[in-house]
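As structure tokens, the structure follows; a few thoughts come after it.
What follows is calculated from the coordinates using simple rules that are stated; it is not laboratory data. These figures come from a predicted structure and were not determined experimentally. Glycine gets a Cβ as well: all are built from the backbone with ideal geometry, and neighbour counts include every protein chain shown.
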2 protein chains.
Amino acid sequence: MSFPRLGILGGGQLGKMLCQAGADWHLPIHVLDLNHSFPAANYATKFTSGDFRNKQDVLEFGRRMDVVTIEIEHIDTAALHQLVEEGIKVYPQPHIIDLIKDKGLQKQFYAENDIPTSDFRLYNDASEVSSAVAAGQLALPFVQKARTGGYDGQGVAVIRNSEDLETKLLDVPCLVETMVDIDKELAIIVARSPSGEMRVFPTVEMEFHPTANLVEFLVCPAAVDSDTDARAAALARQVTEQMGIVGLLAVELFLTPEGEILVNEVAPRPHNSGHHTIEACVTSQYEQHLRAVLDLPLGATDLLRPGAMINLLGAEDHSGPAVYEGWEKLLSLPEVYPHLYGKADTRPFRKMGHVTALGDTVEMARQRAAAAKEAVRIISR
Amino acid sequence: MSFPRLGILGGGQLGKMLCQAGADWHLPIHVLDLNHSFPAANYATKFTSGDFRNKQDVLEFGRRMDVVTIEIEHIDTAALHQLVEEGIKVYPQPHIIDLIKDKGLQKQFYAENDIPTSDFRLYNDASEVSSAVAAGQLALPFVQKARTGGYDGQGVAVIRNSEDLETKLLDVPCLVETMVDIDKELAIIVARSPSGEMRVFPTVEMEFHPTANLVEFLVCPAAVDSDTDARAAALARQVTEQMGIVGLLAVELFLTPEGEILVNEVAPRPHNSGHHTIEACVTSQYEQHLRAVLDLPLGATDLLRPGAMINLLGAEDHSGPAVYEGWEKLLSLPEVYPHLYGKADTRPFRKMGHVTALGDTVEMARQRAAAAKEAVRIISR
């Protein structure tokens, strides 16, 4: 075979790691994003400056490709639909991106397809939400999510009391979800190819900091019994099959204290919860995404070694050109794999990189990841 | 830290894989080679067109760097010596490249340092060799090697009889070695940092085709007893320490039927016998080379999983733009990791890529590598 021209919309860290996965095969990969400072620019075969939110930019870029994929949902999908009409392969399919990027439509899809998820209602703005509370139709506490545009925790408000109602409500078309008791948060990435072949990655557990309400480690395998694990994997597989997506689907799940598993939300692309697959699994999520969208046989997803992943965030009170303190100390740790995204500027809590640590056990991997986090600090010059 | 500017002389597959290793850290890597068709061009932060055999090109390139390294020995080392005088760090050190790229000096180094190696003599040309045979000073059979410029088996003549003497002798300054009985050919890669820290990779065995006189598989671990393995590793370590190299030293060894271990030859850079370290070891030889020349802590070299490596060679009778037949079949094999170098044109037996296969045992890895070799064929369009 000669490889097709593959275009990726978005040149962030996920796009960069897709380019890295393609490098082993010397795969021609074209990337579209605003400018050359983006992480993927250096590692794409060809980088094109343009805006994936702009219809004309996406059309011009996509028309030069055989296959177009994404590393972010916030694309001008009208352009993607048109590319499909013009005969370009677009994976994931544009109607699935439309479905997923609107959290309201996503929830309706779960309801219509008997996929367990928390109860929800849709509203057009903050005043509709307030009225529903006043009328006794909506009880506190609840979670409000903007239907579109949210990312990395942005676009989400947790409304616990009347003060929150007055100060935190988002005044946008939104989804309101019942707060559910959560025992664990899990994530499972599934790959599906055009032929319908599917492969499921091992279950990941998001471990939260004991006091701060923040994900601290993502570990694999998750500390759940084999029955729970099997049910979680079956549910992730079910969602993927019912959506009929081609590419990766990252499925975030809630495990309740009663052992019920609910779908929280999904992403139609490589995901933060799959970074560890680069070192820990037979096939990485990035290579798997390439295999799926290029209609090649999917790879094995077996876990070779327990892993723990931490995000490297910009230090608080530091904005500007990034400097990595403690790099040598970090590299002296065993089985610790740092990934830097090459973002020129750091900002407080900006995702500047990640570290995957492996070990004989999850506990060993977690300790190594913790030591890595302790070692390195990303500040500005 | 902010990363130094690293320059690599040579943009072949070894240079490409060094760039790939640096991608995880978003390391700025500059590569010098003739033109953009070279494997590393796509994956360097910046690629400069120029000739590493040309003094001026090397000087101009090196002066823009903080650290300069190589992926091939055939460099204009006069330029490297000058760069060192000008304060640029050059690793491996130019005098070591001089020593290694002349196989005569290399052998003399072994003799002077009590490093076991096969008996040898140096000659200036073919007629000197013939005269030595005629005078009874040199017995058949023997191996003649050009002192400089050999690569991938070129520049080597095996002289078994008087016919070979007349037709095969190389008319260049040369090294003549006694033929030794060989039970196994082994290879060990050692990394050494400026501080003298060393790490030794697990021993690799070159397995030859039962009838053709060609390396068929490189497997790791080697099938040798633990005493032999320890002696081989100690010898590789000794050579590295005595040379005082900074970077990688790939040490090729002969194991005789009597259990003696001899140094065959060394290379001051990543090596074909270390490709499998990308998937099979905690740290790859490529990342290890970067760590060494950048004076960062060396990584662990433990073998995580047995591996077997095959080179993907261009099919006989095919020259021209390369096409990869059987790619899908190859990708359907478990734990099989193909690497293509992106060389535009294939030629008979040209190294176009390699495949590493892993498995629970060397035997399983070897079978998978054999299936990969069977699956794929590199032909011209």
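So here's what we get for this one:
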item	result
Whole-number D in µm² s⁻¹ for region B:6-90, Kirkwood Cα-pair radius fed into Stokes-Einstein, 25 °C, 0.890 mPa s	199
Cα centroid of region B:309-354 to Cα centroid of region A:283-338, whole Å	28
Set B:K46/B:K89; A:K16/A:K101; B:K343/B:K373; A:K89/A:K145; A:K184/A:K373; A:K184/B:K329 screened for pairs whose C-alpha atoms are more than 29 Å apart	A:K89/A:K145; A:K184/B:K329
Listed residue (A:H275, B:I261, B:G155) projecting farthest to the positive dipole end of the protein assembly as shown, Cβ model	B:G155
Karplus (6.51, -1.76, 1.60) ³J(HN,Hα), θ = phi - 60°, over region B:106-119, in Hz, Gly and Pro reported as x	4, 5, 4, 4, 4, 4, 5, 10, 6, 9, x, 8, 5, 4
Whole-Å distance, taken between Cα centres, linking region A:141-180 and region B:10-78	52
Exposure proxy ranking, count of Cβ atoms within 10 Å, fewest first, for B:V172, A:V282, B:V246	B:V172, A:V282, B:V246
Inter-copy spacing of B:G326 label points, which lie 7 Å from Cα along Cα→Cβ, given in nm from shortest upward	5.0
Over region B:76-185, volume per residue of the alpha carbon convex hull, in Å³	133
Ascending count of other beta-carbon atoms within 10 Å, so fewest first, for B:I378, A:I379, A:I8	A:I379, B:I378, A:I8
Theoretical FRET efficiency, 1/(1+(r/R0)^6), r = Cβ-Cβ of B:K46 and A:A134, R0 60 Å, to 0.05	0.45
Shielding of A:23-33 by partner chains, average beta-carbon count, 10 Å	4
Region B:128-195, dipole about Cα centre (Lys/Arg Cβ +1, Asp/Glu Cβ -1), debye to the nearest 20	300
√(5λ) per eigenvalue of the Cα gyration tensor, region A:245-318, largest first, Å	23, 20, 15
Förster-model FRET efficiency, 25 Å R0, B:E363 and B:S226, C-beta, rounded to 0.05	0.85
Measure of compaction for region A:127-251 (Cα Rg per 2.2 N^0.38 Å)	1.29
Dipole magnitude (debye, nearest 20) for region A:1-110, charges at Cβ of Lys, Arg, Asp, Glu	100
Compactness relative to 2.2 N^0.38 Å, alpha carbon Rg of the protein assembly as shown	1.05
Selection from A:V251, A:A232, A:S118 lying farthest towards where the dipole of region A:100-258 points positive, charges on Cβ	A:V251
Dipole magnitude of the protein assembly as shown about its Cα centre (Cβ charges: Lys, Arg +1; Asp, Glu -1), debye to nearest 20	1620
Charge dipole (region B:163-229, unit charges on Cβ, about Cα centre) - positive-most of B:F208, B:P173, B:P194	B:P194
Over region B:199-280: Rg over Rh, Cα atoms, Kirkwood Rh	0.95
Derived scalar couplings ³J(HN,Hα) [region B:9-20; Karplus, 6.51 cos²θ - 1.76 cosθ + 1.60; whole Hz; x for Gly, Pro]	8, x, x, x, 5, 5, x, 4, 5, 5, 4, 4
Copy-to-copy label separations for B:T361, where each label sits 7 Å from Cα toward Cβ, in nm and ascending	3.0
Using alpha carbons only: equivalent-ellipsoid semi-axes of chain B, gyration tensor based, whole Å	30, 27, 23
Cα-based convex hull volume of region B:119-178 per residue, rounded to whole Å³	72
Exposure proxy ranking, count of Cβ atoms within 10 Å, fewest first, for B:H81, A:H26, A:H275	B:H81, A:H26, A:H275
Computed label-point distance, nm, for sites B:T148 and B:D302 using a 7 Å Cα→Cβ extension	4.5
Pairs of alpha carbons in region B:184-380 whose separation is greater than 25 Å (percent)	38
Within 10 Å of each Cβ in B:7-19, the average number of Cβ atoms from other chains	1
Shape category assigned to region B:284-350 from the gyration tensor of Cα positions, a/c cut at 1.5	oblate
Separation of the A:T256 and A:H81 label points, Cα + 7 Å toward Cβ, nm	3.6
Estimated FRET transfer efficiency (B:D125, A:D183; beta-carbon r; R0 51 Å; 0.05)	0.05
